[in-house]
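Single-structure report; data block below.
The values are calculated or read from the model by the stated rules, or taken from the named source; none is laboratory data. Model, not experiment: these values are computed from the prediction. All Cβ positions, even for glycine, are placed from backbone atoms using ideal geometry, and neighbour counts span all protein chains on display.
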Amino acid sequence: MTIAELRRHNLILFEAISGSRAYGTNLPHSDTDLKGVFILPEAHFFGLDYVPQVANETNDEVFYELRRFVELLLKNNPTVLELLGTPSDCIVYKHSLFEQFQAKDFLSKLCRQSFAEYAVAQIRKAKGLNKKINHPEPPARKSVLDFCYVTAGAGAQPVDAWLSRHGYAAEQCGLVNVPHLTDLYALFVDATPERNCGYRGLIRDPETSQDVLLSAVPKGEVPIAYLSFNRNGYSTYCRVFREYWEWVEKRNAERYKNTVQHGKNYDAKNMLHVFRLLQMAHEIAEHGQLNVRRPNREFLLQIRRGEFEYEALVTEAEQLVSQVEAAFAASPLPEAPNKEFAEQLLIQVRHAFYKAAQTEKLASE
């Protein structure tokens with residue numbers, strides 16, 4: 001099923017322009033996103049082919065089936081709640097049956113989680129982006145040996161520095177586990193030209209090895225030092241390295257270019273949404289109102305243009321989070337939407353739609 005088919009068969013209950021154009025934060029080059037609600041034909045609904053939502057290839061046009069729409073309303077999902085607060089100039093089509101869905105009937109303290117906690121996650125994301133921009137990972141991946149240290153007196157030295165200091169090559173060395181001590185190894189060196197001990201070196205391959213390499217040591221050999229492998233540090237480094245280069249590969253090129261251009265090293269669009277969500281959550285908690293069109297367009301666009309310092313924005317956002325938490329604690333809103341009311345409304349609207357469709361079909365025959 002496609003959006004074109006929904007339109008062709010008159011299955012759409014509601015269609016609206018969403019995103020920045022609904023918030024009032026759009027710019028001349030902003031995309032036009034569409035969101036909406038549809039209802040499955042009766043045979044499809046009662047059959048095996050339930051379709052919860054339909055979207056286009058770029059996912060900037062998304063329509064929710066009526067049941068899925070109500071399910072998300074009961075969770076106070078911001079995306080579907082915002083449909084009920086769509087400014088009139090952004091409404092493309094509204095079926096008369098859809099008039100029965102009002103935001104005030106679904107707003108609850110769950111908005112603290114769905115709006116505010118999502119915003120908190122975006123703050124963390126912004127912090128992560130800030131870290132990635134300011135502390136990029138070099139293309140060359142570190143080796144296991146970069147996390148290995150050799151005892152030297154009462155301290156320790158990086159293994160490469162220790163080898164260089166003593167004039168040894170890694171290939172001359174052999175490692176043996178030290179019993180009962182995790183990631184600590186006895187280090188043996190074969191100083192003979194022939195290397196008769198047959199030591200295997202410290203690692204198999206600098207580019208691919210994920211662990212140190214153990215050797216069989218002839219009886220009677222004495223370790224020259226002890227080597228410690230910081231396995232946890234290496235594991236953390238590998239995760240950060242992988243995440244960084246995955247981010248480089250998948251990042252939105254235009255948004256990253258904007259981030260670099262404004263020079264403040266944060267995703268400005270992301271931070272705009274942090275403040276939008278927190279401010280909306282505060283209004284819901286204090287006044288029980290869902291205001292999609294934002295009254296402080298210029299402030300939000302200043303964020304998007306990168307006119308504020310990153311640290312100041314994060315501090316202000318965290319203060320706003322505390323205010324939102326306090327507002328919801330004192331709010332008269334119910335803990336959650338009324339499920340029984342929502343279910344009855346869902347049944348009522350679906351029955352009315354199918355009855356009207358049957359009447360229209362009979363009239364045309």
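Looking at Lys142, is it of a type outside the set (Ser, Thr, Tyr) and under 30 Å from Asp267 (Cα atoms)? Please lay out each step first, then the result.
Values: of a type outside the set (Ser, Thr, Tyr): yes; under 30 Å from Asp267 (Cα atoms): yes.
Yes; evaluated as a whole, the condition is true for this residue.
Which count do you get for residues in region 337-356 that are of a type in the set (A, V, I, L, M, F, W, C) and either crowded, with 16+ Cβ neighbours inside 10 Å or on the phi > 0 side of the Ramachandran plot (or both)?
We begin by selecting, within region 337-356, every residue of a type in the set (A, V, I, L, M, F, W, C); these are 341-342, 345-347, 349, 352-353, 356.
Retained after the next criterion (residues that are either crowded, with 16+ Cβ neighbours inside 10 Å or on the phi > 0 side of the Ramachandran plot (or both)): 342, 345-346, 349, 353.
Total meeting the criteria: 5.
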Given the conditions (1) within 26 Å of His9 (Cβ to Cβ); (2) part of a loop (DSSP other than H, G, I, E, B), every one holds for Glu343 apart from (2)
Name the one entry in Tyr149, Tyr168 that is more than 30 Å from Glu286 (Cβ to Cβ), modelled with pLDDT of 95 or more and either part of a loop (DSSP other than H, G, I, E, B) or of a type in the set (Phe, Trp, Tyr) (or both).
Tyr149
What about Tyr237, is it modelled with pLDDT of 95 or more and touching a Phe, Trp or Tyr at 6+ places or on another chain (Cβ under 8 Å)?
no
Pairs, first more than 30 Å from Met280 (Cβ to Cβ) and in the same structural domain as Asn291 (by TED's automatic domain parsing) in region 23-48, second at pLDDT below 95 and not in a helix (DSSP H, G or I), C-beta under 7 Å, six or more apart
none
I'd like the full set of residues that are of a type in the set (Lys, Arg), under 22 Å from Phe275 (Cβ atoms) and either modelled with pLDDT under 95 or outside any strand (DSSP E or B) (or both), limited to region 6-65.
Arg21
Residues of region 1-39 being over 19 Å from Leu83 (Cα atoms) and over 30 Å from the mean Cα position of the chain (by Cα), which ones?
Ala4, Glu5, Arg8, His9, Asn10
Selection within region 316-349 - touching a Leu at 6+ places or on another chain (Cβ under 7 Å), in the same structural domain as Asn77 (by TED's automatic domain parsing) and of a type in the set (Val, Ile, Thr):
Val349
Go through region 180-202 and report how many residues are under 21 Å from Lys219 (Cβ atoms) and more than 43 Å from the chain's Cα centre (by Cα).
14
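Just the residues that are without any contact (Cβ under 8 Å) to a residue 60 or more places away in the chain and assigned to a helix (DSSP H, G or I), please, taken from region 318-337. Even if it seems obvious, please write down each step before you answer.
Residues of region 318-337 that are without any contact (Cβ under 8 Å) to a residue 60 or more places away in the chain, as a first pass: 319-320, 322-323, 326-327, 329-330, 332.
Scanning region 318-337 gives Gln319, Leu320, Ser322, Gln323, Ala326, Ala327, Ala329, Ala330.
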